[in-house]
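The values are calculated or read from the model by the stated rules, or taken from the named source; none is laboratory data. Worth saying up front: this structure is predicted, and the values here are computed from it rather than measured. Every residue, glycine as well, gets a Cβ built from its backbone with ideal geometry; the counts of neighbours run over all protein chains shown.
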Amino acid sequence: MEFITSNLPYLLAGISVGGQYALIAIGYTMVYGILRLINFAHGDIFMVAGFLMVYLSATLPIYVSLPLVILITVLLGFVVERVAYKPLRTAPRMSIMISAIGVSYLLQNCAFYFTSGLAKQYPVIPGISSSVAIAGATTKLVTLVTPVLTIVLVVVLVLLIKYTKIGMAMRAVSRDFETSQLMGIKINSVISTTFIIGSLLAAVASILYFSNYSTVTPTSGAMPGLKAFVAAVFGGIGSIPGAVVGAFIIGICENIIKGLGLTTFSDAFTFALLIIILVAKPTGLFGEKFTDKV
Amino acid sequence: GGSGGDTIKIGVFEPASGDNGAGGKQEVLGIEFANSQVPTIDIGGKTYKVQLEVVDNQSSTDKAPSAAQTLVSKGVKLVLGSYGSAVSIAASDVFGKAGLPVIGISCTNPQVTSGNDFYYRICYLDPFQGTVLANFAADQYKAKTAYILTKLGDDYSVGLGNYFKEAFEKLGGTVVAATFPEGNSDFTAFLTNAANANADVFFAPTSTDAASLIISQAASQGLNIPILAGDTWDNSVILDAAKGSSLDVSVSTFFDEGDKSTAGSTFVQDFKAWLNANAEKKQNNGGNDIVSAVSALGYDAYMTALQAIKNAGSVDSAKILAAMPATTYTGVTGDIKFDDNGDALRTQAYIKSVDTANAAWKFVAIQGIK
Amino acid sequence: MSGNILHVENMTMQFGGVIAVNNLSIDVNEGEIVALIGPNGAGKTTTFNCITGVYEPTNGCVTFCGSTIASNHPQGKMKKLYAGENKGLYKRVVSHTPDQITKLGIARTFQNIRLFKSMSVLENVLIAKHIRARQNIFTATFRLNYREERKARRECLALLDEQALLPMKDDLASSLPYGLQRRLEISRALATNPRLLLLDEPAAGMNPQETQELSEFIVQIKNKYNLTILLIEHHMDLVMQISDRIYVQDFGRLIAQGTPEEVQKNQHVIDAYLGVVEDA
Amino acid sequence: MLKITDLKVNYGGIEAVKGITFEVPEKSIVTLIGANGAGKSTTLRAISGLVKPGQGNIEFLGEEITGKTPEAIVKRGITLVPEGRKIFPDLTVCENLKIGAYLRKDKLDDDINWVYDLFPRLRERSWQMGGTLSGGEQQMLAVGRALMSRPKVMMMDEPSLGLAPIVVRGIFDIIREINKQGITILLIEQNANMALQTADIGYVMETGRITLTGSGKDLLVNDAVKAAYLGA
Amino acid sequence: MSTKKKLIYTIAALAALFIILTLCEQLLPASSMLFIVLKKGAIYALVAVSMNLVNGFTGLFSLGQAGFMLIGAYTYAIFTIPLKEHAAVYQYFDGGIIQFTVPILVALVMAGLAAAIFAFLIGLPVLRLKSDYLAIATLGFAEIIRAFFQWDAFGPVTNASNLLRKFPTFDTVYFPFIVSGICIAVIVLLINSSYGRAFKAIRDDEIAAEAMGINLAKHKQMSFTISSFFAGIGGALLAMYQTTVQAGAFKSSMTYELLLIVVIGGLGSVSGSVLASFLFIAASEWWLRFLDTDTYIGAFKVPLLGSGFRMVVFSVIIMIVVLFYRQGIMGDKEFSFGAFGDIRRFFRKRFGRKEVTK
Ligand SMILES: Nc1ncnc2c1ncn2[C@@H]1O[C@H](COP(=O)(O)OP(=O)(O)OP(=O)(O)O)[C@@H](O)[C@H]1O
Ligand SMILES: Nc1ncnc2c1ncn2[C@@H]1O[C@H](COP(=O)(O)OP(=O)(O)OP(=O)(O)O)[C@@H](O)[C@H]1O
Ligand SMILES: [Mg+2]
Ligand SMILES: [Mg+2]
């Protein structure tokens, strides 16, 4: 019992962080799957969603601002895609990635400019922000909500991509724009859909994440963004279940490492683990080999 | 627009972006406020308009030299700043080569002034602050074990943590130390570690970003260990984060908003009025009118600079530099007088703690070193 | 015809459940032109890939000029899954990488043209000389190898001249029309100074006239460079005209072999591959 | 039903198609033949909207479709079997076929079976990833995929490329068969012999221009065509 | 254009550059921002070109550059801090344990070698990875390296998270120009050599390159190691420019900055990288500074201007450049003297027409 009470907090924290990384990671992996683009701006969209909540809830009741945040975030994801990525469809991959870095800079700098960079308190959201005690460890309810919600969303998404027409179209677009067009697929709407789903997940993740940590700053999207990206690579970029498994592994390992007192290297360890996995399995845990016949 | 042609330029070398952007902006506010109060200076019967040249060093040592050079090329005669010791050190060569006197405001690392005879500073140093806090922990909480959490790669954080550790161990306590990497947002593991180590105080000399995360997670975990921190935590962000919790958070600082001395209370009043009259400035203060210590220090730095220029009786950098050692000034943060190193002689720090019910600071003690 | 140059013995290549090449044995003698034909998906390209080291055969052995370049037996997961024959025969495991095999003297072209798209025609050919030159990164950087470099350039220009590619030597490889791209790919392979040249459908995308020209071209280079050629092709005119011997593969297995005349008359081959005999 | 007037296409500075005019009557088989680099593929790419013509008109059933997006053109019933197969490597054979019918809303099972009957090899490989198929299998899949969309006009860019002789013959049988079902065919072939035997109308392209026009039979016996494209 | 003519032009251009630099040094006040831009620009140019060697010419997506610069910067600093300053610099670590110094140029080479050795070791496992997997692995390594350099246990060598300073630095713009110039020249020679061609072949098609007999592992390793060698030297120069070194500055954002420069300049164009470096540094550290200051025209306060606005504008500019120059400023072309001829012809045409209208 003693052992459990002193170690349960690490595990709980790990699971909830893992869940939040997972939601962000899915956004990464979906966009990557389709555009082969590491969407560096994804973490920042997540951050903007956090600030939106802070500012909207200051004037509006929670039940209005909650859907509004999701809506605006989705819109933001959509607009970013249209403005910054769509014109570059035929450009080299690197250019699109630089555009993504540009968007990330822009969102961060705008956030800095408008908020002056001081940490803002995230509003209390009834139902998930309150503390509960489990086996002697105190934590927020959101810790318990996150993994459940994550799993549900993932199952829905996997079904969507595997078995629906739009899912098939997404997979087709991911490899060849031109031929996809020849099949009558509207690639722009497929790509937009992807971004919309990704941003939606980022918005949900931001609500869970910031409810847990209570503070938003212009850079608070950077680290979760990077971790989620690592998670996506870990599981094999493009694979949704992979991203989720990767995210949970990273979240839990990180907290166990911290619990062991090896705090200096908790990030370094994450990367080391990633590299070990990649050396053993060059395309991540669930990544499929690129089929490229000689 | 001012009349008369003569101006003297004072450089303000502060971060407006990057990790320390928020704090830098608040420091600039104090300077700007001082400038609005005393916009001119009389030297040799001539009235000079004091013009501030503010430059953003982006909290980054690789951007600092060019930012510093910008000031030099604009022809400033004296420089104020910076929030953050590393950028101050990184820029010191540029200022040194240009022969400019610099007044550090809240950079508490000893290395800023040591060996740089043009660098002065008006705040106390980390060794002092660390010792003060260690004493406070021992006096107030009868602490035997302290958990120290510092940020990896942040010289301010690690330095202050070390000084605290030294002093605390000298007082007979034991220390458990940990570091967290940049961008870390989950502190629950550290808090649990502290609880598991039966720590009596939790010392976290970190930036405000990490601070608000630490506090809110401590609150949701129901942590009942008192939390201590250094001057950076004297910020409204901490009040927001701790609001409504049952935490015991105390910080050491240069200044107390509730200061009853006339100088202090006038400053607080006027500064608040100035902020409230100017939406953009208030925005830079985080959207409220709570006076942070760095603003008060910024104000004092500006005033000290003017005093030095007056003493020099000239707008020439070399003359001002020569006048620096003898310059004294009684500011809102106390008496300022430099030692041989160029550091302000300070013997006392304010300790404040958070009144979690009202989200306000409450004065606890003036703490010195034993 | 002189001695054996390539010897493939009991080679099997299995991908998961698909046996692409099944217990294949072929021999190529010095100076021959040998064709490998068969229906689509028979395993011809896969055979090439195994010979050139792109794939490790699941089982079997390949010998080039007397030295083993690939030898394998079912390992790991394949041990259980393996459905081919001659399982226990090859204990030795030899797997050379494609670059090593090229150095030994086997060059190839690809079914889907693989040129260096962003490089000029001349550069494409020069690449092939990289491994043959005596140089290291230091001498190359500081041009201490200028003699080698000049020689390589001279040889490549001569080669391009021969192939009538000289006028477009500075054009991007990707801007050439399809037929010339094929020709460039062959030139590039020739530039590695091979003894054995593997051609994978060199006449694909060419009209009968061009195919005719190509067959003359192949014979010509064979004689000029003392090559041995193994080729895959679906254009029967070309195959029948230039090959000394033909192997026919179906479902990975060898179903027939012999001279063009023999193969053309073989009923299995007609059923599986040729269909009604063309009136030549 | 398809009318091309004065079509010009540029790639950067190079003019690949230099003003061609031709027509594809309803329910006919039309073939374009010509040497490598003549601009045949470019013409088809322009019709299907993959490249924007520099000049000229493309009319389909009396409606101008120049400059429309590929998906809008596909929607109107023009399908292309692209040069180089362009199979989706990460989709299974079955999914590749399904995606060919992306715009259709009805049941597909019969059509899939029909394609499998045409190319039994594909049925065996139904669950294999498109990318791992052999060259010829991919070519069959590309043709099958295009058939799935039940187009009004089917444009085929070298459908027999890399196919075994027996299958080549099969492909031309299929072309005739679907033509009988009322589908108009625009065909590019290197195998000019077979193409001209099958086609109602043939056009010969040389360096971006149409230089000869005639019925398939006529061209087959034309001396210039014989010398240049059919081999001696 | 003949090789001889090219050589003459190149020498002439270098001489002109030297004269311009000298004139600048003589005529402009020492405090001019131009010198900052020239110094830092030259250093960034070197690192960007070295990054281009891997990313642009070899097609390996590596994001480890900041890590290798860090190693170079620290190696240089550790071995050149004068012994008498050790007590002050390593104040928390009893003066450190490295108790000797080496000459500046030796230290520069050591900086390169140290980075190259690390790169070699890192390359062994990770260069087998493809595209984005490689990117994240190299990025990860850079982060791990940074964590190690900040670690307290290494304090006696690295001074942990504290600054290293007091090492010899440079005053004139000549030093970084000459060092970077030589290094870039070597890289250009390499790129145009047989090995450079092999790198490009690998970028275009690995399978075909292998079929040409090119040993992928060996060549990738070479490109990666050499690039890191120069990144290490670049890091050392950066340390000299900054006069201080702190591991915290070598974050992934520095790598992104470099990647930005490389892509904006044009992947696979050396002159593009060089040009973009100077433009990038000038824009980010000089030209846009005015946006950060509240500006009054008379009593009217120019809207939006204020602290932090510069960075917003800067990011917008980056986006615009990327959106309008998809292939980068130079594409994969190089600057050539032939271009001068084009410009001359262009002007002659213009000019000619004008005369006619007169
Ligand atoms: N990587 C792979 N994974 C699974 N199956 C494969 C793989 N590569 C090839 N195959 C299968 O192996 C069989 C042989 O393919 P191969 O490419 O060798 O045929 P081929 O004889 O060259 O045919 P073609 O004449 O059509 O080019 C095919 O049925 C193909 O689907
Ligand atoms: N993407 C491109 N960029 C530049 N030039 C191109 C491009 N695609 C084709 N070309 C050029 O346009 C011309 C016409 O090419 P096209 O592919 O239409 O010829 P084709 O008649 O289909 O030849 P083939 O029989 O070889 O397929 C050729 O000279 C070719 O080099
Ligand atoms: Mg094949
Ligand atoms: Mg074509």
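List the pairs whose first member sits in the range C:32-58 and is among the hydroxyl-bearing types (Ser, Thr, Tyr), whose second member is within 7 Å of ligand 1 (Cβ to nearest atom) and assigned to a helix (DSSP H, G or I), and whose Cβ atoms are under 8 Å apart, counting only residues at least 6 apart or on separate chains?
Between residues of the range C:32-58 that are among the hydroxyl-bearing types (Ser, Thr, Tyr) and residues that are within 7 Å of ligand 1 (Cβ to nearest atom) and assigned to a helix (DSSP H, G or I), the close pairs are C:Thr45/D:Gly135; C:Tyr55/C:Thr46.
Restricting attention to the range D:186-216, which residues are away from ligand 4 (no atom under 15 Å from the Cβ) and either assigned to a strand (DSSP E or B) or within 11 Å of another protein chain (Cβ to nearest Cβ) (or both)?
D:Asn193, D:Met194, D:Ile201, D:Gly202, D:Arg209, D:Ile210, D:Thr211, D:Leu212, D:Thr213, D:Gly214, D:Ser215
Would you be able to say whether some residue in the range B:125-133 is part of a helix (DSSP H, G or I), modelled with pLDDT of 90 or more and within 12 Å of another protein chain (Cβ to nearest Cβ)?
For the range B:125-133, residues part of a helix (DSSP H, G or I), modelled with pLDDT of 90 or more and within 12 Å of another protein chain (Cβ to nearest Cβ): absent.
Quickly run through the range C:221-267 and pick out the residues that are in a strand (DSSP E or B) and of a type in the set (Val, Ile, Thr).
Selection gives C:Thr228, C:Ile229, C:Ile232, C:Ile246, C:Val248, C:Ile255.
Conditions: (1) β-branched (Val, Ile, Thr); (2) without any contact (Cβ under 8 Å) to a residue 40 or more places away in the chain; (3) assigned to a helix (DSSP H, G or I). B:Val291 meets all but one. Number of the miss?
So the condition that B:Val291 fails would be (3).
Just one of (1) of a type in the set (Val, Ile, Thr); (2) in contact with a strand residue (DSSP E or B) (Cβ under 8 Å, 6 or more places away or on another chain); (3) at pLDDT below 85 trips up E:Val89, so point out which.
E:Val89 satisfies all of (1) of a type in the set (Val, Ile, Thr); (2) in contact with a strand residue (DSSP E or B) (Cβ under 8 Å, 6 or more places away or on another chain); (3) at pLDDT below 85 except (3).
Counting just the residues of the range B:191-208 that are touching a residue at least 40 places away in the same chain (Cβ under 8 Å) and more than 10 Å from B:Ile148 (Cα to Cα), which one comes out surrounded by the fewest Cβ atoms within 10 Å (Cβ to Cβ)?
B:Asn198
Tell me, which helices (runs of 4 or more DSSP H) wholly within the range C:1-108 include 1 or more residues that are more than 14 Å from the chain's Cα centre (by Cα)?
C:78-81, C:98-104
Test C:Ala107 against the criterion of being small (Gly, Ala, Ser), more than 16 Å from ligand 2 (Cβ to nearest atom) and facing another protein chain (nearest Cβ under 8 Å), and give yes or no.
Yes: the conditions hold for C:Ala107.
Check the range B:148-167 and report whether any residue there is more than 20 Å from B:Phe255 (Cβ to Cβ) and under 14 Å from the mean Cα position of the chain (by Cα).
Looking for residues that are more than 20 Å from B:Phe255 (Cβ to Cβ) and under 14 Å from the mean Cα position of the chain (by Cα), one finds at least one in the range B:148-167, hence yes.
Can you find, within the range C:133-147, the residue that is surrounded by the most Cβ atoms within 10 Å (Cβ to Cβ) among those that are facing chain E (nearest Cβ under 8 Å) and at negative phi?
The qualifying residue surrounded by the most Cβ atoms within 10 Å (Cβ to Cβ) is C:Ala140.
Specify which of the listed residues (B:Tyr350, B:Tyr299, B:Tyr329) is crowded, with 24+ Cβ neighbours inside 10 Å and assigned to a strand (DSSP E or B).
B:Tyr350 is the lone residue from the list that is crowded, with 24+ Cβ neighbours inside 10 Å and assigned to a strand (DSSP E or B).
Cβ-Cβ distance below 6 Å, separation of 6 or more or different chains: which pairs start in the range E:83-105 with a residue that is touching a residue at least 24 places away in the same chain (Cβ under 8 Å) and end on one that is in a helix (DSSP H, G or I) and of a type outside the set (Val, Ile, Thr)?
These pairs meet every condition: E:Phe93/E:Gly155; E:Phe93/E:Pro156; E:Gly96/E:His86; E:Gly96/E:Pro156; E:Ile97/E:Pro156.
Is the range E:108-125 home to any residue that is farther than 17 Å from E:Val47 by Cβ, touching a Pro at 6+ places or on another chain (Cβ under 7 Å) and not aromatic (Phe, Trp, Tyr)?
Taking every residue of the range E:108-125 in turn, none turns out to be farther than 17 Å from E:Val47 by Cβ, touching a Pro at 6+ places or on another chain (Cβ under 7 Å) and not aromatic (Phe, Trp, Tyr).
For the range C:158-174: of the residues being among the hydrophobic types (A, V, I, L, M, F, W, C) and crowded, with 16+ Cβ neighbours inside 10 Å, which is farthest from the other protein chains (Cβ to nearest Cβ)?
Only one residue fits best here, namely C:Leu160.
Is the range B:170-188 home to any residue that is in a helix (DSSP H, G or I) and among the small types (Gly, Ala, Ser)?
no
Does the range C:197-222 hold any residues that are surrounded by fewer than 21 Cβ atoms within 10 Å (Cβ to Cβ) and in contact (Cβ under 8 Å) with a residue 60 or more places away in the chain, and which are they?
Those that are surrounded by fewer than 21 Cβ atoms within 10 Å (Cβ to Cβ) and in contact (Cβ under 8 Å) with a residue 60 or more places away in the chain: C:Val219, C:Lys222.
Across the range C:27-41, which residue is nearest to ligand 2 (Cβ to nearest atom) among those that are out of contact with any helix residue (DSSP H, G or I) (no Cβ under 8 Å at 6 or more places or on another chain) and under 17 Å from C:Glu233 (Cα atoms)?
C:Val34
Scan the range E:77-85 and tell me whether some residue there is part of a helix (DSSP H, G or I) and out of contact with any Ser or Thr (no Cβ under 9 Å at 6 or more places or on another chain).
yes
Take the conditions within 14 Å of chain D (Cβ to nearest Cβ), within 23 Å of D:Gly162 (Cβ to Cβ) and touching a strand residue (DSSP E or B) at 6+ places or on another chain (Cβ under 6 Å) and apply them to C:Glu210. Does it pass?
Answer is no for this residue.
Out of D:Lys8, D:Lys40, D:Lys18, report the one residue that is within 14 Å of another protein chain (Cβ to nearest Cβ), charged (D, E, K, R) and within 14 Å of ligand 2 (Cβ to nearest atom).
Answer to the check: D:Lys40.
Identify, please: which residue in the range D:150-167 is closer than 17 Å to D:Leu187 by Cβ and facing another protein chain (nearest Cβ under 8 Å) and is, among those, nearest to ligand 3 (Cβ to nearest atom)?
D:Gly162
Filter the range D:123-137 for residues that are more than 16 Å from ligand 3 (Cβ to nearest atom) and in a helix (DSSP H, G or I); which is nearest to the other protein chains (Cβ to nearest Cβ)?
D:Glu124
With near ligand 4 (Cβ under 10 Å from one of its atoms) and touching a helix residue (DSSP H, G or I) at 6+ places or on another chain (Cβ under 6 Å) as the only criterion, which of D:Gly34, D:Gly39 stands out?
Going through D:Gly34, D:Gly39 in turn, just one is near ligand 4 (Cβ under 10 Å from one of its atoms) and touching a helix residue (DSSP H, G or I) at 6+ places or on another chain (Cβ under 6 Å): D:Gly34.
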